[in-house]
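Where a number appears in this text, it was derived from the coordinates with a stated rule and is not lab data. Computed from a predicted model, the values in this text were never measured in an experiment. Glycine gets a Cβ as well: all are built from the backbone with ideal geometry, and neighbour counts include every protein chain shown.
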Amino acid sequence: MLLLKATRDEEAYNAFMRAYGDMMRGRGGLFASVPDTVRGQNPYEQDDDEWKHLEDLGIYYNSKTGEAFKETYLEDEDDYEQTQVRIPTPVGAGLEGKVFRIPRTNYVAKIPMTTMNSRVRGMAEGAWNKVMRSPLEAWWSQVLNRANYPVNPYSVFTSRHPLDEKEFSLNLVQPYVDEYHPDFEGNNENSFQMNAIHEHLFNMQDIGVQWEDMKYEMERQTGQGSEPMGIDEMRELAEDYPLYEDTDMKSNMFGNVVLDYISNRPFIEDKYGGLLEQEEIDRLLEAALIEQQKVPKRYQRFGGNIDRRIQTIIDELMESKKQGRLVGSSINFADDRVDVGQSNFGRGFI
């Protein structure tokens, strides 16, 4: 019998659920204790209390330092005993979900809100409550990372939602990103800086407006009656529009590292013809072929035939390689998100 060794993200998530699943649950649990927030804000920004009290669990934790202790009443001594404990440190909250550092690992778990924010629903086609990203999107994040883009790869796992034991959610697990992350600010000499061209071609819905700003500048420079800007000029101009966000912002970017961005397609058609250099297209194809062999078996349970859809993306990248430009993908991630919901989060179609 062949035994498959768990990957690091699987080990981290399994440890997280075994040790802290109960701690997250309920209106008095850790998930509910983290304030809801909006993009660009620290969830505790408006909160003056340094320590939070999870009354049902008898746990106090410091949201800034991650310190925590459990308080137990000793009836014989009529006193309280405080014991230091380790809990998943809340590191962020946004429109889609709340993020927790998984103790003793270099990973975080992102758990979706119970209902999808209307602003997010407007960006994500095929929106389904408690589904932030589909397994196919998770696979594509691995491809982009392997192709040396500063994209933080993630995996998806199903569990019961902390605020509703009758409902499931599809949670994200990904490496924790800080100044020491391999792709941050030149830590990896092989990593390519992404810019407005990548935002456009990879259909990034919630990563700034660099492409719109760049298009405006293109129109300003060319003007009426002028020749359109050439591909080389566009590539050069794009360098002035890098994908970057200050590290103190709570968003889907940390510095130059792109996190779990919203997208409806892996890539769209390059109507300008050659915005990505041939080397980049070659890297994408090579990375996709490698990651095709590493698709987690659990992803098969979410419907939609992920193997066939991955092959479609690879075929489209092969055609892109021949043409020297991205031809555009026929794959719409909306279908994959719907499949997750209709498969009852991998537990059989409803």
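Backbone geometry of region 14-24 corresponds, through the Karplus equation with coefficients 6.51, -1.76 and 1.60 at θ = phi - 60°, to 3J(HN,Hα) couplings of 4, 5, 4, 6, 5, 8, 10, x, 5, 5, 6 Hz, x marking Gly and Pro. Taking only the Cα atoms of region 88-165, the ratio Rg/Rh comes out at 0.97, with Rh defined as the Kirkwood radius. Summed over all non-identical Cα pairs, the Kirkwood treatment of region 204-305 gives a radius of 16.8 Å. For region 249-350, the fraction of C-alpha pairs farther apart than 23 angstrom is 38 percent. Counting only helical runs of four or more DSSP H residues, what would the 222 nm mean residue ellipticity of the chain come to if each run contributes -39,500 (n - 2.57) and the total is spread over all its residues? Computed mean residue ellipticity for the chain: -9500 deg cm²/dmol. Mean-square fluctuations from a GNM of the chain, with a 10 angstrom spring cutoff on Cα atoms, peak among 50, 280, 199 at 50.
Evaluated with a Cβ-only charge set (Lys, Arg +1; Asp, Glu -1), the chain carries a dipole of roughly 1740 debye about its Cα centre, given to the nearest 20.
With the cut-off at under 12 Å, measuring from each backbone N in region 201-220 to a point 7 Å along the Cα-to-Cβ line of residue 226 picks out 216-220. Stretching the chain fully between residue 78 and residue 36 yields a gain of 11.4 nm (0.36 nm per residue, less the alpha carbon separation). The length gained on full extension between residue 115 and residue 129, counted as 0.36 nm times the residue separation minus their Cα-Cα distance, comes to 4.5 nm. Measuring nothing but how far apart in sequence close Cα pairs (under 8 Å, 6+ apart) lie, relative to its length, region 172-258 scores a relative contact order of 35 percent.
Both the radius of gyration and Dmax for region 127-218 are 16.1, 52 Å, in that order, over alpha-carbon atoms.
The stretch between residue 7 and residue 240 holds 80.1 nm of extra length on full extension. This uses 0.36 nm per residue minus the Cα-Cα distance. Loop exposure criterion: chymotrypsin sites (Phe, Trp or Tyr not before Pro), DSSP state outside H, G, I, E and B, at most 14 other Cβ atoms within 10 Å. Applied to the chain, the longest stretch between such sites is 1-179. Think of the chain as having a plus end and a minus end, set by charges on the Cβ of Lys, Arg, Asp and Glu; of 89, 138, 113, 138 sits farthest toward the positive end of this dipole.
Compute the separation of the alpha-carbon centres of region 98-114 and region 154-172 and state it in Å as a whole number. Here the two parts' Cα centres lie 12 Å apart.
Here the Gaussian network model covers the chain, with springs between Cα atoms less than 10 Å apart; of 27, 308, 235, 308 fluctuates the most. Summarised as an ellipsoid, the chain has semi-axes of 39, 24, 18 Å, derived from the eigenvalues of the Cα gyration tensor scaled by 5 and square-rooted, with the largest first.
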